[in-house]
Amino acid sequence: MEVRSKALFEEAKRYIPGGVNSPVRAFGAVGRTPRFIVSARGDRIVDVDGNEMIDYVCSWGPGILGHAHLRVIEKVREACGRGLSFGAPTENEVVLARMIAQMIPSMEVSRLVSSGTEAVMSVVRAARGYTGRDKIIKFKGCYHGHSDGLLVKAGSGALTTSVPDSAGVPADYTKNTLVALYNDRESVEALFRADPEGIAAVVIEPVAANMGVVPPQPGFLEFLREITERYGALLIFDEVITGFRLALGGAQEYYRVTPDLTALGKIVGGGMPIGAYGGRREIMEMVSPIGPVYQAGTLSGNPVATAAGIETLRILQEDPGIYKRLEDKAEKIACAVRETAGDTVCVNRAGSLLGIFFTSRKVTDYESALSSDTARYAAWFSHLLDRGIYVAPSQFEALFLSDAHTDEDIENTCRVMRAFF
């Protein structure tokens, strides 16, 4: 039943582009009406029509503890009581930066910002400032936020300068963004050979989770570490999704590859609007006010968001066994789908990140991801939604697990998924 959600969506379209404040929320890829959510607790969300659903979106990743964790909510209440925003330094900023450095040692020095998009935009600027070079390499199918210089797609060949992937982005903004193919070493080699002294950095999602979860093939991240060092470029991990989710130290701990710079997203704030970027001291000291790379933000280090983030990270530190529990839950779902659907689907998993592709091909890159049957995914999405299970409304997104998902809910999810196939 979606009566109130449908009415709200129609009204929203009068005042908000497409009726939503982020495109995927419109449910356009699955042909349904978006559910308008009123509350969430644990692994459940509730919409305006009173429908309760098991949630596998988890605010697109940061809900690793589940929704409205009591300890986190209490810290947020306390912080709100002291004021919402100061535009001035607070002790919590120091505490959170210290915790990030302890948990992700490569982030020796970090700067708090307000979103993952801002973090990646800023870390690329820092890399260019440090190296004195202009060009960066990104990978087709990897999403790094909607900043102009990164919102691009590949041309007809790996060496083709990128063209904007959105109206409103001048071609000059993307002329220094080169696009390689994920899990394809030769495409990266070719770009470096073509301009051995012009590339400032390689930026990558260590697990490509914005094309439906595509893990790196063995040795690929190690190759990127080696080739960037060989050519004097920096390696940037966009861990907006993988940071603190695959391990306490993120994907770089999980895969044992250390980047020069890292970008983090809203998990740093327990799901509140926040982000961070950081790396080695000599690179980060290029950032203003001690260096020439300018970046600023009134809401950076917001006291409410930092309070939520500190408590979230403390809980993760106290209970590192959470990662094994999350992986076990994800693997149960993966096995249920594989055993029932057989070779009609490809199931990829990296830690608790789960991708279910409706294709018989092995999905290792953007092109193989695009072989998915999106109409069948939409039918699967509706099958789940109508039975109280909420997954991403797009084939090219991840399923996220939280520590609040109970064994009973995992079993129920597996049963519903098996029934579709």
Which of (1) part of a loop (DSSP other than H, G, I, E, B); (2) modelled with pLDDT of 95 or more is the odd one out, the single condition Phe396 does not satisfy? (2)
Taking the stated definitions as given, is Arg44 without any contact (Cβ under 8 Å) to a residue 40 or more places away in the chain, under 23 Å from Ala276 (Cβ atoms) and either surrounded by 22 or more Cβ atoms within 10 Å (Cβ to Cβ) or among the basic types (Lys, Arg) (or both)? no
Within segment 307-325, identify whether any single residue is touching a Gly at 6+ places or on another chain (Cβ under 9 Å), modelled with pLDDT under 95, among the aliphatic types (A, V, I, L, M) and more than 17 Å from Asp43 (Cα to Cα), and answer yes or no. no
Can you tell me how many residues in segment 294-306 are open to solvent by 10 Å² or more (accessible area, probe 1.4 Å) and either within 21 Å of the chain's Cα centre (by Cα) or more than 24 Å from Leu70 (Cβ to Cβ) (or both)? 8
Which ones in segment 308-367 are of a type in the set (Asp, Glu), farther than 22 Å from Gly141 by Cβ and touching an Asp or Glu at 6+ places or on another chain (Cβ under 9 Å)? Glu311, Asp319
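In the list Tyr277, Tyr255, which residue meets the criterion of being surrounded by 24 or more Cβ atoms within 10 Å (Cβ to Cβ), of a type in the set (Ser, Thr, Tyr) and in contact with a helix residue (DSSP H, G or I) (Cβ under 9 Å, 6 or more places away or on another chain)?
Values: Tyr255 fails: surrounded by 24 or more Cβ atoms within 10 Å (Cβ to Cβ).
Only one candidate qualifies: Tyr277.
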Exclusive hit being within 21 Å of the chain's Cα centre (by Cα), acidic (Asp, Glu) and over 15 Å from Met417 (Cβ atoms), set Asp365, Asp373: Asp365
Strands (runs of 3 or more DSSP E) contained in segment 46-162 and holding at least 2 residues out of contact with any Ser or Thr (no Cβ under 9 Å at 6 or more places or on another chain): 52-55
Hey, can you tell me all the residues within segment 85-97 that are of a type outside the set (Gly, Ala, Ser) and loosely packed, with under 12 Cβ neighbours inside 10 Å? Pro89, Glu91
Any residue in segment 368-379 that is more than 18 Å from Val337 (Cα to Cα) sitting within a Cβ distance under 7 Å of a residue that is assigned to a loop (DSSP other than H, G, I, E, B)? List the pairs, counting only those 6 or more apart or interchain. Ser368/Arg361; Ser368/Lys362; Ser371/Thr359; Ser371/Arg361
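The values are calculated or read from the model by the stated rules, or taken from the named source; none is laboratory data. Quick caveat: nothing in here was measured; it's all calculated off a predicted structure. No Cβ is skipped: glycine too gets one built from the backbone with ideal geometry, and neighbour counts run over all protein chains shown. Accessible surface is based on the protein model in full, side chains and every heavy atom, while ligands, DNA and RNA are left aside. Shrake-Rupley method; radii C 1.70, N 1.55, O 1.52, S 1.80 Å.
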